[in-house]
Amino acid sequence: MTKRTVPSDTVNMSTECPFCGRMFTYTLYPEIHIPGDSRLKKKVLNKTLFFPKCPHCGEEIKLKPVCIYHDENRRVLFIVTDSPDMALENMIKSGNIHFNDIRTDDDVMGFMKGLYVRRVVHDVDAFREKILLSDCNYDDRIIELIKLSLSRILEKEKHMPVYRIFLEDTSGSMLEFTAIMGSRPPYEYITVTSAANIYNQYRDKYLHKLGRPEEDEYIMTDQKWAVNAGLLKDGPAGVVIPVD
């Protein structure tokens, strides 16, 4: 398979600013190929690629893009889409993907099937999280179990549901998570940190109960998957997590 060394194609899109109501055009990147698009990858990780500013009022807007992230070196394929349609999951399993704004060769997709870690997410925070975890050599399934444990702890302490939780940073010896609390807006944002070695404890306890991360059943690895896996039924929080 030939490695891609030129930047991916772009698409110009128009949207209405939810703050001032005026229209403006932004650039959408439907494909990110590594190693060719390392600049775009950095923009995903530093939270600038999917957050354009309205040129009229200056407010930052969070996009709901459709984008494929393909890292040939690490053998990962991540797709972010705001569509809940399960047809996408079935296309990935079959190795036959087609988007209007994304062009992927069938033979490349066939090569990926069974050899690549393939994930579908539905928001840019989860998309960034998958890339971050891949770069840090973390198994995202173990992280989802940790997030589920943290959610149970937070819900008990705060007496409100966790709407969403995602990994924010893995620098140093700590794991930093952002939890969005509440059942409806306005949500409360809470930063939760825990020692990074908690990952090793969860991995040692649960990884042997899981299959290969490339298998079809892990395409939708998220908090719903973590609940349905039922691996934390042996305790209220799986492994006791120190929370700061």
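The values are calculated or read from the model by the stated rules, or taken from the named source; none is laboratory data. Please read all numbers here as calculations on a predicted model, not as lab measurements. Here Cβ is always computed from backbone atoms with ideal geometry, including for glycine, and neighbour counts include all displayed protein chains.
Where in segment 125-223 are the strands (runs of 3 or more DSSP E), entirely inside, with at least 2 residues that are closer than 25 Å to ASP82 by Cβ, of a type in the set (A, V, I, L, M, F, W, C) and not assigned by TED's automatic domain parsing to the domain that holds ASP37?
Details: elements: 162-169, 174-181, 188-195.
In segment 125-223, the matching strands (runs of 3 or more DSSP E) lie at 162-169, 174-181.
Please go through segment 207-222 and pick out each residue that is modelled with pLDDT of 95 or more and closer than 20 Å to VAL162 by Cβ.
The answer is THR221, ASP222.
Considering only segment 17-52, how many residues are part of a strand (DSSP E or B) and either modelled with pLDDT under 90 or closer than 15 Å to ASP71 by Cβ (or both)?
7
Of all residues in segment 51-78, which are hydrophobic (A, V, I, L, M, F, W, C) and over 13 Å from the mean Cα position of the chain (by Cα)? Walk me through it before giving the result.
Here is the first cut: in segment 51-78, the ones hydrophobic (A, V, I, L, M, F, W, C) are 51, 54, 57, 61, 63, 66-68, 76-78.
Matches in segment 51-78: PHE51, CYS54, CYS57, ILE61, LEU63.
If CYS57 passes every condition in (1) outside any helix (DSSP H, G or I); (2) at pLDDT below 90; (3) loosely packed, with under 15 Cβ neighbours inside 10 Å; (4) of a type outside the set (Phe, Trp, Tyr) but one, which one does it miss?
(2)
Is it fair to say LYS47 is basic (Lys, Arg), in contact (Cβ under 8 Å) with a residue 40 or more places away in the chain and under 27 Å from LEU115 (Cβ atoms)?
Details: basic (Lys, Arg): yes; in contact (Cβ under 8 Å) with a residue 40 or more places away in the chain: yes; under 27 Å from LEU115 (Cβ atoms): no.
The answer is no for LYS47.
Just give me the residues in segment 211-229 being surrounded by fewer than 16 Cβ atoms within 10 Å (Cβ to Cβ) and either touching a Pro at 6+ places or on another chain (Cβ under 6 Å) or among the hydrophobic types (A, V, I, L, M, F, W, C) (or both), in sequence order.
Initially, segment 211-229 is screened for residues surrounded by fewer than 16 Cβ atoms within 10 Å (Cβ to Cβ), giving 211-212, 215-217, 224, 227-228.
If the condition is that a residue be surrounded by fewer than 16 Cβ atoms within 10 Å (Cβ to Cβ) and either touching a Pro at 6+ places or on another chain (Cβ under 6 Å) or among the hydrophobic types (A, V, I, L, M, F, W, C) (or both), then VAL227 is the only one that fits.
Being surrounded by 13 or more Cβ atoms within 10 Å (Cβ to Cβ), hydrophobic (A, V, I, L, M, F, W, C) and out of contact with any Ser or Thr (no Cβ under 7 Å at 6 or more places or on another chain) is the requirement here; does ILE165 meet it? Spell out the reasoning first.
Numbers: surrounded by 13 or more Cβ atoms within 10 Å (Cβ to Cβ): yes; hydrophobic (A, V, I, L, M, F, W, C): yes; out of contact with any Ser or Thr (no Cβ under 7 Å at 6 or more places or on another chain): no.
Taking the combined requirement at face value, the residue does not satisfy it.
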